[in-house]
There are 2 protein chains.
Amino acid sequence: MPSKKQDTLFVASLAKGLTILHAFGQPNPEMSLAEIVRVTGLDKSACQRLTNTLFREGFLLKDPITRRFRPSLKCLEMAAAYAWADPLVRLMMPKLIDLGHALGERVNAARLDGPDIVYIIRIPTQLTSFGGMIVGRRLPALTTSAGRAMISRLAPDARREAIETWPLAANTHATELDRGRIAERIEEAAGAGFAVAVGQNIINEIAVAAPVMARDGTPVAAVQCSVSAPKWTAERVTAELAPQVLDVANSFNFG
Amino acid sequence: MPSKKQDTLFVASLAKGLTILHAFGQPNPEMSLAEIVRVTGLDKSACQRLTNTLFREGFLLKDPITRRFRPSLKCLEMAAAYAWADPLVRLMMPKLIDLGHALGERVNAARLDGPDIVYIIRIPTQLTSFGGMIVGRRLPALTTSAGRAMISRLAPDARREAIETWPLAANTHATELDRGRIAERIEEAAGAGFAVAVGQNIINEIAVAAPVMARDGTPVAAVQCSVSAPKWTAERVTAELAPQVLDVANSFNFG
DNA sequence: TGCGAGTTTATTATATTATGATACTTTGCA
DNA sequence: TGCAAAGTATCATAATATAATAAACTCGCA
């Protein structure tokens, strides 16, 4: 985010303030003023003013002793705002709850947003890791079953571009970072209708995902199910879980 | 939010932009420019510029044909940022999942934020209404079991002030709007250690909630369980559900 | 206990930036 | 077809945010 195009309809202060808000998250759940300056690359004085404004407006909390900031409940409220506005959340939620109970395993829904996926629904089980319970989590699409399931249904050129240019990040020692290999996996998914990924984001996790298609042939979301490796194998997942995940994904007609 | 105090450390544009973002939600999941002007009371040109900025930064989506705006996945991401930063979410999540499975009913956790509560965890069941599944939902504390459970543990003067001044809003024909009556309910909760509310926010809903206390004696959250009225009665809820909810709430030591 | 690096707060003059009135264009409805 | 309402664009003006500087803290370590 270097210098923004000079446009009279663009309010730079707002953009910077949002940059600060958006800097909070996975690697930086809470930050001091100095850290915010480092992470965002913004001017120190600007951070001071913007941070103060975010605090006064109740979007950031400030620990009175450590002086560190963290997102407030007002930020969490934006999740509710999103949920009310996205018709897919409403549509998918009941069936995913059913699926979660039927399978007894963690079930999720994700949407594609640029080169990554964002989880919009999560039905956890007792054995879910904390990161696996969080709605709004963003992961690179190429290294997730949900992402691959959706990419496999993109138009050929869009698919190629995704495979060749979208970012990769290793979350696990087993994360596949070879684009050729990923291309194969996506081909498999295109053929089978669902994607299976082993240990890409959480160790010992096996995930199956199937795309939810809009009437115009675009993938709009994915239904995904995660299980643990010692208990399951990729083969059993393919044989037992994939059909049910596929069924649910296909049951939505959206558009 | 009329004219803000003239402070050199306050960036008005950012505050206005946040006002716009925050205007989205339950009654207005998506809005046109004109609606935003109406709802926020901001100047039309300002809305135009700020909205454009929010759009360009990816916090708002714009339907190309209806020209209406709605919150994007980037907004949902802020919810994830909150979850990473709030230690209570991490602490409570596993036990609430267990409790939800054990009871077979919908279980929630809420925090107090000013005069209302915000749900931070929701474990739904098949029969949950959509509003009952949404994390980040905000409701007036006085008309919820979770709110009453927490208020019942406030210091006497804070409790009195809450009962007398915090806002009330009818969500149901049965919502109690009489502050005297609410004071009684909170007294009961103070004695029993948990609060039971019938049909306050959803028709035919019975809710039990118990406060989670910090070591310093402050209520920091509430564990809550909702069930449906024809299937349950307030008496059975008190006898069968309340003890388990209380147990879980008491099992957290925080602070 | 006291020194000093590293942070957080406070203060200013300056010009960049947001402002809001106005006019123009499109849309949707009768 | 035409009108009203909504969205888009433009622009001079002054208010507003800027970033440099200085003051007041913290906290670790000797």
Would you look at the GNM of chain A, springs on alpha carbons closer than 10 Å, and say which of A:LEU14, A:LEU99, A:LEU154 moves the most? A:LEU14
Go ahead and collect, in residue order, the members of region B:115-137 whose backbone nitrogen is under 20 Å from a label point 7 Å along the Cα-Cβ direction of B:SER228. B:122-134
Net charge of Cβ neighbours under 10 Å - reference A:GLY136; Lys, Arg +1; Asp, Glu -1: +3
Nm distances between the label at A:ALA169 and the same-position labels in the remaining copies, 7 Å along Cα→Cβ, shortest first? 3.5
Region A:19-57-region B:1-68 distance, computed between alpha-carbon centres (Å): 21 Å
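Write down the percent of antiparallel bridges among all DSSP beta bridges whose residues are both part of chain B, to the nearest 5.
Details: 32 of 33 bridges.
Of those bridges, close to 95 percent are antiparallel.
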How much FRET efficiency would the formula 1/(1 + (r/R0)^6) give for B:ASP43 and B:THR66, where r is the Cβ-Cβ distance and R0 is 25 Å, rounded to 0.05? 0.60
Kindly provide the pair-distance distribution of region A:136-255 built from C-alpha pairs, with 10 Å bins from 0 and whole-percent values in order of increasing distance. 15, 48, 32, 5
Give me the 1.4 Å probe accessible area per residue for region A:1-89, excluding ligands and nucleic acids, in Å². 47 Å²
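Summing both sides, how much accessible area is buried between A and B? Use a 1.4 Å probe and give Å² to the nearest 100.
6600 Å²
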Helix A:12-23 against the longest principal axis of chain A: what's the angle in degrees, Cα atoms only, rounded to the nearest 10? 50 degrees
Once the dipole of chain B is set up from charges on Cβ (+1 Lys and Arg, -1 Asp and Glu), the residue from the list B:PRO230, B:GLY132, B:VAL212 lying farthest towards its positive end is B:GLY132
Would you pull out the residues with amide H under 5 Å of A:VAL212's amide H, same chain only if 5 or more places away, H placed 1.01 Å from N? A:VAL220, A:ALA221, A:ALA222, A:VAL223
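Taking the Cβ of A:VAL248 as the centre, find all other residues whose Cβ is under 11 Å away and add up their charges (Lys, Arg: +1; Asp, Glu: -1).
Neighbour charge sum, excluding A:VAL248 itself: -1.
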Taking alpha-carbon centroids only, region A:91-116 lies from region A:184-245 a number of Å equal to 12 Å
How crowded by other chains is B:65-76, given as the mean number of beta carbons from other chains within 10 Å of each beta carbon? 6
Carbon-plus-sulfur fraction of the accessible area of the protein assembly as shown, 1.4 Å probe, in percent? 53 percent
Which entries in the list A:LYS16/B:LYS95; B:LYS62/B:LYS231; A:LYS74/B:LYS44; A:LYS95/B:LYS62 go over 32 Å, if you measure between the two C-alpha atoms of each? A:LYS16/B:LYS95; B:LYS62/B:LYS231
On a 0 to 90° scale, report how tilted helix A:44-56 is relative to the longest principal axis of chain A, with both axes built from alpha carbons and the result rounded to the nearest 10. 70 degrees
Along the axis that rotates chain A into chain B, which residue of chain A has the nearest beta-carbon, and what is the gap in whole Å? A:ALA79, 2
Decide, for chain B, between rounded, prolate and oblate: order the square roots of the alpha carbon gyration tensor eigenvalues as a ≥ b ≥ c, take rounded if a/c falls under 1.5, and otherwise choose prolate if a/b is larger than b/c, else oblate. prolate
Positive dipole terminus of the protein assembly as shown, leading residue within B:ALA81, B:PRO64, A:ALA242 (C-beta point charges): B:PRO64
For the protein assembly as shown, just say rounded, prolate or oblate: build the C-alpha gyration tensor, square-root its eigenvalues into a ≥ b ≥ c, call rounded for a/c under 1.5, and beyond that prolate if a/b exceeds b/c, oblate if not. oblate
Compute the distance in nm between two label points, each set 7 Å from the Cα along the Cα-to-Cβ direction, one at A:ARG236 and one at B:ALA239. 4.2 nm
So, taking all protein chains as they sit and a 1.4 Å probe, how much accessible area belongs to B:ARG137, in Å² rounded to tens? 40 Å²
For a Förster distance of 22 Å, can you work out the FRET efficiency between the beta-carbons of B:ASN250 and B:ALA158, rounded to the nearest 0.05? 0.50
Within 10 Å of the Cβ of an average residue in B:15-25, the count of other chain Cβ atoms is 6
Expected integer from the mean partner chain Cβ neighbour count at 10 Å over A:39-50 is 1
Taking a ≥ b ≥ c as the square roots of the Cα gyration tensor eigenvalues, with a/c under 1.5 meaning rounded and otherwise prolate when a/b beats b/c, else oblate, which class fits region A:12-72? rounded
Can you give the net charge of the other residues whose Cβ lies under 10 Å from the Cβ of A:GLN224, counting K and R as +1 and D and E as -1? +2
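The values are calculated or read from the model by the stated rules, or taken from the named source; none is laboratory data. Here the structure is a predicted model, which is why all the values come from computation and not from measurement. Cβ coordinates were reconstructed from backbone atoms using ideal geometry, including for glycine residues, and neighbour counts include every protein chain displayed. Ligands, DNA and RNA are excluded from the accessible area calculation, which covers all protein heavy atoms including side chains. Shrake-Rupley method; radii C 1.70, N 1.55, O 1.52, S 1.80 Å.
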